[in-house]
Amino acid sequence: MRVTMIGAGYVGLVSGACLADFGHHVICIDKDARRIAALKRGEIPIFEPGLSDLVANNVRQGRLEFAVDLAAVANAEAVFIAVGTPSRRGDGHADLSFVYEAVREIAPLLSDTAVVVTKSTVPVGTGDEIERILREKRPDVELQVVSNPEFLREGAAIQDFKHPDRIVVGTDDPQARALLAEIYRPLYLNAAPILYVGRRTAELIKYASNAFLATKITFINEIADLCESIGADVQDVARGMGLDNRIGGKFLHAGPGFGGSCFPKDTTALLKTAHDHGAQLRIVETVSAVNEQRKRAMARKVIAALDGPIRGKTIAILGLTFKPNTDDTRDSPAISLITALQDMGARVRAYDPAGMAQARQQLPYITCCEDAYAAAEGAEALVIATEWEQFRALDLKRLRRIMTRPAIVDLRNVYRAEEMKRARFRYVGVGSADLEIGKRTRESRPRPTPITRAPSLQVESADAL
Ligand SMILES: NC(=O)c1ccc[n+]([C@@H]2O[C@H](COP(=O)([O-])OP(=O)(O)OC[C@H]3O[C@@H](n4cnc5c(N)ncnc54)[C@H](O)[C@@H]3O)[C@@H](O)[C@H]2O)c1
């Protein structure tokens, strides 16, 4: 099958490469000429495990090509739209300008039988508008518009695309359904269920799924806060909950709040859609607000670890991306945390295995270091903000030697408090009452008196978090 992918970003490039790997002939088109030139040279512009080999293999076998020019659209049986839909500045609606621009550009070139497939995450009704634009530009033909939202996760994108939990196809047109079934046939043979629904329903499934996952994360984060106050351990609570099949253990990891290129913008966009239609999504509203506050509020943990003001102090941050195995720092909690620390007068030294270049654009005033130990040099506290594998077995003795003060703020609960206690580190995790190792232990702490979790709450500008 001849497929054209408009947009060669995280979703377009991964989807294009995977579809080529299924045996289709795919041309990925991007208006970013530098990106396309890099791809033609065999350079992958994003960090995604396995993608480089997948692209190289399929290019070599002649199934995957890259272009700036839209000419290939004319021969395509399916044209996927995988351009960005960021938050619109000012009101938080999904910015659909890239989607509509792409549709206007491809409209004159589409063959009479081509099917336009929206892979970008777009609000309910976007497919209707795409159809309207196509009808306006091509009154001669009736082109089908299908919603086919993508559920892949950065860092595990190829695995997710090739082994999806489900494929959602939103269209009532039997021929368009048959075409999508043919495109995804290799997955169908692997028993990935294809869910055929109406177009608007498909569009909403994507937002409802992301909002639900965001809710799960926020729920466990609030339980983590409670754990800190009452002397329970959120990791054990999460395990105890997750073993219940009705709940499931995924997305129950307490941390600094959700970030990334999808959850924050998608929850906001869903709320806007609901408001526009006079519906209230109070749970999602709360999730979005709680999460936004939480990211900056993580600075309180640093203050707690240092017993007070952080002005003039050097803080090392490990991990800048919103999760491991990606170079994506969009809406990363680490970025919010660093700006909060800097607002309070701290100096920040940072290291990330893949996200330094992106982060540097957002954070011009940090010292970028070449590894974790360079970042820790002279620091009074070290914060693990992203759980990259290489941060899971840090040389604690070396850290003790090079840090000015042995304090670790572990926002991903990579380490256990006991381990840190043995290594004589001051340790602050998320959702565990063992905030001050060596000073108080769970058992010795008086109960049920609430623990004053944050000496931090009384110190400099913490209210602004
Ligand atoms: N990143 C994820 O993990 C993920 C997962 C599922 C769904 N999504 C959704 O997929 C969509 C794309 O996300 P992304 O992260 O891949 O975005 P991205 O910013 O990485 O890539 C978008 C690409 O589209 C290109 N582009 C924009 N307008 C174009 C045009 N008219 N013609 C050709 N190219 C054009 C841009 O140059 C860019 O390279 C979004 O709607 C997003 O919400 C993303």
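The values are calculated or read from the model by the stated rules, or taken from the named source; none is laboratory data. Source: prediction; values computed, not measured. Positions of Cβ are generated from backbone atoms using ideal geometry, with glycine treated the same way; all protein chains shown enter the neighbour counts. When the accessible area is computed, the model is the full protein with side chains, heavy atoms only, and any ligands, DNA or RNA have been set aside. Shrake-Rupley method; radii C 1.70, N 1.55, O 1.52, S 1.80 Å.
Take the residues in the stretch 166-188 that are part of a helix (DSSP H, G or I) and of a type in the set (D, E, K, R), then tell me which one is nearest to the chain's Cα centre (by Cα).
ARG185
Examine the stretch 92-99 for a residue that is more than 9 Å from the ligand (Cβ to nearest atom) and aromatic (Phe, Trp, Tyr), and state whether such a residue exists.
Scanning the stretch 92-99, I find no residue that is more than 9 Å from the ligand (Cβ to nearest atom) and aromatic (Phe, Trp, Tyr), so the answer is no.
Among the numbered criteria (1) in contact (Cβ under 8 Å) with a residue 24 or more places away in the chain; (2) more than 30 Å from ARG88 (Cα to Cα), which one does GLY257 miss?
(2)
Looking at the stretch 126-156, which of the residues that are in a helix (DSSP H, G or I) and touching a Leu at 6+ places or on another chain (Cβ under 7 Å) is nearest to the ligand (Cβ to nearest atom)?
THR126
Of all residues in the stretch 68-86, which are surrounded by fewer than 18 Cβ atoms within 10 Å (Cβ to Cβ), more than 10 Å from the ligand (Cβ to nearest atom) and over 16 Å from LYS119 (Cα atoms)?
ASP69, ALA71, ALA74, ASN75
Pairs please, first residue from the stretch 396-411 and in contact (Cβ under 8 Å) with a residue 40 or more places away in the chain and over 13 Å from LEU318 (Cβ atoms), second anywhere and open to solvent by less than 70 Å² (accessible area, probe 1.4 Å) and among the polar types (S, T, N, Q), Cβ atoms under 9 Å, 6+ apart in sequence or on different chains.
THR404/THR314
Within the stretch 9-41, count every residue that is open to solvent by 50 Å² or more (accessible area, probe 1.4 Å), out of contact with any Lys or Arg (no Cβ under 6 Å at 6 or more places or on another chain) and either within 10 Å of the ligand (Cβ to nearest atom) or not in a helix (DSSP H, G or I) (or both).
Total meeting the criteria: 6.
Just the residues that are within 12 Å of the ligand (Cβ to nearest atom) and acidic (Asp, Glu), please, taken from the stretch 100-125.
GLU101, GLU105 - these are the residues of the stretch 100-125 that are within 12 Å of the ligand (Cβ to nearest atom) and acidic (Asp, Glu).
Before we move on, is GLY50 within 16 Å of the ligand (Cβ to nearest atom), over 26 Å from ALA269 (Cβ atoms) and under 20 Å from the mean Cα position of the chain (by Cα)?
Taking the combined requirement at face value, the residue satisfies it.
Any idea which of (1) within 16 Å of the ligand (Cβ to nearest atom); (2) under 19 Å from ASP21 (Cα atoms) is the one ALA202 doesn't satisfy?
Tallying (1) within 16 Å of the ligand (Cβ to nearest atom); (2) under 19 Å from ASP21 (Cα atoms), ALA202 fails exactly one: (2).
Show the residue pairs that are 6+ apart or on different chains and have beta-carbon atoms under 8 Å apart, the first residue being within the stretch 134-159 and hydroxyl-bearing (Ser, Thr, Tyr), the second being part of a loop (DSSP other than H, G, I, E, B) and more than 9 Å from the ligand (Cβ to nearest atom).
What qualifies is SER147/THR171.
Since TYR365 meets every condition but one in (1) free of Cβ contacts under 8 Å to residues at least 60 places away in the same chain; (2) among the aromatic types (Phe, Trp, Tyr); (3) touching a Pro at 6+ places or on another chain (Cβ under 9 Å), which condition does it not meet?
(3)
Across the stretch 251-263, which residue is farthest from VAL83 (Cα to Cα) among those that are in a loop (DSSP other than H, G, I, E, B) and within 16 Å of the ligand (Cβ to nearest atom)?
Only one residue tops the list, namely PHE251.
Yes/no per residue for (1) surrounded by 17 or more Cβ atoms within 10 Å (Cβ to Cβ); (2) modelled with pLDDT of 50 or more; (3) not hydroxyl-bearing (Ser, Thr, Tyr):
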position: ARG401; (1), (2), (3): no, yes, yes
position: THR404; (1), (2), (3): no, yes, no
position: LEU411; (1), (2), (3): yes, yes, yes
position: TYR415; (1), (2), (3): yes, yes, no
position: ARG422; (1), (2), (3): no, yes, yes
position: GLU436; (1), (2), (3): yes, no, yes
position: LYS439; (1), (2), (3): no, no, yes
position: GLU443; (1), (2), (3): no, no, yes
position: PRO446; (1), (2), (3): no, no, yes
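Working only within the stretch 306-325, note down all residues that are open to solvent by less than 10 Å² (accessible area, probe 1.4 Å) and either at pLDDT below 95 or not hydroxyl-bearing (Ser, Thr, Tyr) (or both).
Those that are open to solvent by less than 10 Å² (accessible area, probe 1.4 Å) and either at pLDDT below 95 or not hydroxyl-bearing (Ser, Thr, Tyr) (or both): LEU306, GLY308, ILE310, ILE315, ALA316, ILE317, LEU318, GLY319, LEU320.
State whether one or more residues within the stretch 191-202 are open to solvent by 50 Å² or more (accessible area, probe 1.4 Å) and in a loop (DSSP other than H, G, I, E, B).
yes
Out of ALA279, ALA274, I need the residue that is of a type outside the set (Val, Ile, Thr) and either part of a helix (DSSP H, G or I) or crowded, with 23+ Cβ neighbours inside 10 Å (or both). Which one?
ALA274
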